[in-house]
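The values are calculated or read from the model by the stated rules, or taken from the named source; none is laboratory data. Computed from a predicted model, the values in this text were never measured in an experiment. Note: ideal-geometry Cβ built from the backbone for every residue, glycine included; neighbour counts use all protein chains shown.
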């Protein structure tokens, strides 16, 4: 199997795992608080990743790199989940996922300046058209009004962009995908630890449905998806080749929302989603440039 096919499969599985987080987080917050939910997710996911890592023989992080892992964990999981859960309280699954989908644009621009990763004119055009597809989905039914949920969700997109860039840096420093996601996830426990007491209390009063939803978010949307994402980033030469797949998330999240939450996809989802998918395909085939 070629490296390109591996990366594509990893990214598609990641997108599905992340898309699950949008409808299931709304369901989870019928019982859990937005901040304690983040703590519980990273704690369960860290345990799963650590067990897998021990079987794969992951190396401990070097002492001088602990600060980087703490920042990576804060951006990718701690602050991200704090802002994501706060934002989705007042936004639909589709709207939240659309806002988070601005991350690939931020990451591509960041990698261009920080790592000198080049994107040819076709690549830049497809990034713009993909973002326009996201904007079309967002603005189809009227004028976008800025509210607290949008601000929180945009913050989540910004910090996740920082995580992508740090992930790439740690990979270049010799850390494997397993090591990066495991130690970053574990660091996020520290960031979200102020909400541990409430999280443990909510676990004690949870019914089986609440536990199942938490496990889905922890294993599929956190541990599994982030591991696959880190693996894809470690295999690629250009960060944007991977992060551009993030544009698929709102399309998949909207479809899942229609199944899980009985949300009815609008025509904007069909049109905007088509634009996004075509943009990603064109970027993958024509937008790459040698490092």
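Is it the case that some residue within segment 110-130 is part of a loop (DSSP other than H, G, I, E, B), closer than 30 Å to residue 27 by Cα and either in contact (Cβ under 8 Å) with a residue 12 or more places away in the chain or under 21 Å from the mean Cα position of the chain (by Cα) (or both)? No.
Annotation: residue 32 fulfils all but one of (1) under 21 Å from residue 201 (Cβ atoms); (2) in contact with a helix residue (DSSP H, G or I) (Cβ under 8 Å, 6 or more places away or on another chain); (3) part of a helix (DSSP H, G or I); the unmet one is (3).
If you check every pair at least six apart or on different chains, which have Cβ atoms under 6 Å apart with a residue in segment 274-290 that is at negative phi and exposed (fewer than 15 other Cβ atoms within 10 Å of the Cβ) first and a residue that is modelled with pLDDT of 75 or more and not in a helix (DSSP H, G or I) second? Filtered contacts from segment 274-290: 289/118; 289/120.
Restricting attention to segment 245-253, does a residue exist that is touching a residue at least 24 places away in the same chain (Cβ under 8 Å) and either surrounded by fewer than 18 Cβ atoms within 10 Å (Cβ to Cβ) or in contact with a strand residue (DSSP E or B) (Cβ under 8 Å, 6 or more places away or on another chain) (or both)? So far as segment 245-253 goes, no, none of its residues is touching a residue at least 24 places away in the same chain (Cβ under 8 Å) and either surrounded by fewer than 18 Cβ atoms within 10 Å (Cβ to Cβ) or in contact with a strand residue (DSSP E or B) (Cβ under 8 Å, 6 or more places away or on another chain) (or both).
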